[in-house]
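**Student:** Let me give you the structure first, and then I'll get to my questions.
Every read-out reported here was derived from the displayed coordinates using simple, explicitly stated rules and does not represent laboratory data. These numbers come from a predicted model, not from an experiment. Backbone-built Cβ (ideal geometry, glycine too); neighbour counts: all protein chains shown.
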Amino acid sequence: MASLDDLKKRIASVKSTQKITKAMKMVAAAKLRKAQESAEKGRPYSEKMNNVILNLSSGISDKENAPKLLSGTGNDKVHLCVVMTSDRGLCGGFNSNIIKKAKSYFSKILSEGKELKIITVGSKGNDQLKRMYGDKIIENISFKESKNANYFDADKVGKIVIDKFENSEFDICTIFYNQFKNVITQIPQAQQIIPLNSEDSEDNTSEESYEFEPDEDEILSNLLPKNISTQIFKAMLENSASEQGSRMSAMDNATRNAGEMVDKLTIQYNRSRQAAITKELIEIISGAESL
Amino acid sequence: MSEEFKIEIVNPEKSFLVKDDVSEVVVPAYEGEMGILKDHISIISFLKPGIIKILSKSGDESYYIEDGIVEFKNNNLSILTSSIFNIADMDKSKQQDLLKQAEEESGKEEISDQSRYLIDQKIEVLKTLN
């Protein structure tokens, strides 16, 4: 059994850990509000963009000559996966959920005999993937310096993806991120961005015909690269809200666990203190009796 | 008087501007400036660097933009853009920065004709602002 002094030290150390996790929870809660706000504010842009593209692609006359970003290369041999994770740890299952989702997708692709290329965004994803898929990772991007998700960063990733597509380095591109549902639930998502998958978007194209200036093809080929960046930006916003939410609930749990531990240790401490006192008393009494 | 329509300018971060008493908007469309009045036909077009002029009851405003898409439908004008600046808030140094950036970019050799055209536009517009 641990001595009184040891117990005292342990209680103190658990208490200070609790203070740290509590502070982290507070910080995450404050950041979460901000991240959630910007995720909500960013929604109209990606929705509008989606609408315009839907309207355009439904109006396109010549499917054969449609831009490749929309219709695909006609192959599905080389898959590019953009795995988006956080740069910091201590956020519960946030990163491992994405990785798990991505890994099951990877093994599916590899078992079908297709080629796989990976871009990781965020250093945590790179850390976890480089052991198994180190030779597949072609690029690792991290935005440690940027405080919040911003469009400029997303655009950078988007440009890399488009460059690689134009050099025909891959046929299909999928992004992995966590969708923010609420503080407790984040859903890992795999979203195909090239070629554009218009099936999963709701059919809200209007019957009304538009006038295009210049023609549809030209607008589309201008718009689609922007849409890639927009989708990546949306994923980044969702991700940062999810990260904070996940960290908040993880730290909340840690704080509660630390509290329970302190209670248990305090009881043990008091018991052994009393035991020591009783033992001393017995010694004194039996000493007095023997006189 | 119902000669007014609604405008919404959205950038990736937020809804930049919403106004519903607009009488006319002039946008720098890709094939030339385009004025939009109420009951314009539904149109989609994209923008080149230039100045958006918004004429409304509550005062006229001008914005400098670098790119974007404009969609007009049912008297709702939406403009999607990733870089927009209110000219009234823009100071000289910001303009100079943008101009310098654009000039640097146009100095590069490997850019395509289309992007060169856009950059030249940008430089021209920025110079007129100064």
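**Student:** Which of the helices in chain A, when you take each full DSSP H run, stretch at least 30 Å along the axis at their Cα atoms and have an average Kyte-Doolittle score of -1.0 or higher?
**Tutor:** The answer, listed by residue number, is A:4-59, A:216-289.
**Student:** Would you calculate a helix-derived [θ] at 222 nm for chain B, using -39,500 (n - 2.57) for each DSSP H run of n ≥ 4 and dividing by the full residue count, to the nearest 500?
**Tutor:** Helix contribution divided over all residues of chain B: -8500 deg cm²/dmol.
**Student:** Could you give me the ³J(HN,Hα) list for the range B:43-52, computed from phi with Karplus coefficients 6.51, -1.76, 1.60 and θ = phi - 60°, whole Hz, x at Gly and Pro?
**Tutor:** 8, 10, 8, 10, 10, 10, x, x, 10, 8
**Student:** When only alpha-carbon atoms count, how far does the range B:5-86 stretch along each of its three principal axes, as whole angstroms with the largest first?
**Tutor:** For the range B:5-86, the Cα extents along the three principal axes come out at 26, 26, 18 Å.
**Student:** While we're looking at this one, here's another question. Averaged over its residues, how many other protein chain Cβ atoms are within 10 Å of peptide A:226-234's Cβ atoms?
**Tutor:** 2
**Student:** Taking each residue of B:72-85 in turn, how many C-beta atoms of other protein chains fall within 10 Å of its C-beta, and what is the average?
**Tutor:** Mean shielding count: 3.
**Student:** If you place +1 on the Cβ of every Lys and Arg and -1 on the Cβ of every Asp and Glu, how big does the dipole about the Cα centre of the range A:42-247 come out, in debye to the nearest 20?
**Tutor:** 1700
**Student:** Put +1 on the Cβ of each Lys and Arg and -1 on the Cβ of each Asp and Glu in the protein assembly as shown; which of B:ASN74, B:LEU55, A:GLN128 then has its Cα farthest toward the positive end of the dipole?
**Tutor:** In the protein assembly as shown, that residue is A:GLN128.
**Student:** Suppose every K and R has +1 on its Cβ and every D and E has -1 on its Cβ; what is the size of the dipole of the range A:102-165 about the Cα centre, in Debye to the nearest 20?
**Tutor:** 200
**Student:** I'd like the mean, over residues of B:8-17, of how many other protein chain beta carbons sit within 10 Å of each residue's own Cβ.
**Tutor:** Average neighbour count from other chains, rounded to a whole number: 6.
**Student:** Checking the a/c ratio against 1.5 first, then a/b against b/c, what shape does the Cα gyration tensor give for the range B:51-130?
**Tutor:** Oblate.
**Student:** Under a 5 Å amide H to amide H cut-off, with H placed in plane at 1.01 Å, what residues pair with B:GLU24 once short-range neighbours are removed?
**Tutor:** B:LEU55
**Student:** Shifting gears a bit: Only helical DSSP H runs with n ≥ 4 go in: add -39500 (n - 2.57) per run for chain A, normalise by residue count and round the 222 nm mean residue ellipticity to 500 deg cm²/dmol.
**Tutor:** After summing the helix terms and dividing by residue count, I get -22000 deg cm²/dmol.
**Student:** Among A:ARG131, A:ARG88, which comes first, second and so on when ranked by fewest other beta-carbon atoms within 10 Å?
**Tutor:** Arranged by neighbour count, lowest to highest, A:ARG131, A:ARG88 become A:ARG131, A:ARG88.
**Student:** Please find, in a Gaussian network model of chain A (springs between Cα atoms separated by less than 10 Å), the residue of A:LEU281, A:LEU223, A:LEU70 whose mean-square fluctuation is greatest.
**Tutor:** A:LEU281
**Student:** Treating cross-link reach as a plain straight distance, find the lysines whose alpha-carbon is under 19 Å from the alpha-carbon of B:LYS127, omitting any fewer than eight places away in the same chain.
**Tutor:** By straight Cα distance, B:LYS127 reaches B:LYS48, B:LYS53, B:LYS92, B:LYS94, B:LYS100.
**Student:** If one computes the Cα centroid of the range A:238-291 and of the range A:132-158, what distance in Å separates the two points?
**Tutor:** Computed from Cα coordinates, the inter-centre distance equals 44 Å.
**Student:** So how do A:SER107, A:SER57 line up by other beta-carbon neighbours within 10 Å, fewest first?
**Tutor:** Values: A:SER107 12, A:SER57 20.
Final ranking by Cβ density, sparse to dense: A:SER107, A:SER57.
**Student:** Right, something else. Looking at chain A, which longest stretch skips every one of the GluC sites (Glu not before Pro) that is in a DSSP loop with at most 16 other Cβ atoms within 10 Å, leaving the sites themselves out? Before the final figure, lay out each step's value.
**Tutor:** Details: sites that count: A:GLU64, A:GLU112, A:GLU145, A:GLU169, A:GLU199, A:GLU202, A:GLU207, A:GLU208.
Result, exposed sites excluded: A:209-291.
**Student:** For chain A, set up a Gaussian network in which alpha carbons nearer than 10 Å are linked by springs, and say which option among A:GLN186, A:GLN36, A:GLN128 fluctuates the most.
**Tutor:** A:GLN128
**Student:** About the Cα centre of the protein assembly as shown, what is the dipole size in debye to 20, counting +1 per Lys and Arg Cβ and -1 per Asp and Glu Cβ, all else neutral?
**Tutor:** Charge dipole of the protein assembly as shown: 3400 debye, to the nearest 20.
**Student:** Next question, about the same structure. Bin all alpha-carbon pair distances of the range A:130-200 at 5 Å intervals from 0 and give each bin's fraction as a whole percent.
**Tutor:** 3, 11, 16, 23, 23, 16, 6, 1, 0
**Student:** Can you compute the radius of gyration and Dmax for the protein assembly as shown, using only the Cα atoms, both in Å?
**Tutor:** Expressed in Å, the Cα Rg and Dmax of the protein assembly as shown come to 29.2, 115.
**Student:** Also, quick follow-up: Report, ordered by chain and residue number, the aspartates and glutamates lying within cross-link reach of A:LYS117, taken as a straight Cα distance under 17 Å and ignoring same-chain residues fewer than 8 apart.
**Tutor:** Once the sequence-local aspartates and glutamates are set aside, what remains near A:LYS117 is A:ASP76, A:ASP127, A:ASP135, A:GLU139, A:ASP163, A:GLU166, A:GLU169, A:ASP171.
**Student:** Order these by the 10 Å Cβ neighbour count, fewest first: A:THR185, A:THR278, A:THR85, A:THR174.
**Tutor:** Ranking A:THR185, A:THR278, A:THR85, A:THR174 by Cβ neighbours within 10 Å, fewest first, gives A:THR278, A:THR185, A:THR174, A:THR85.
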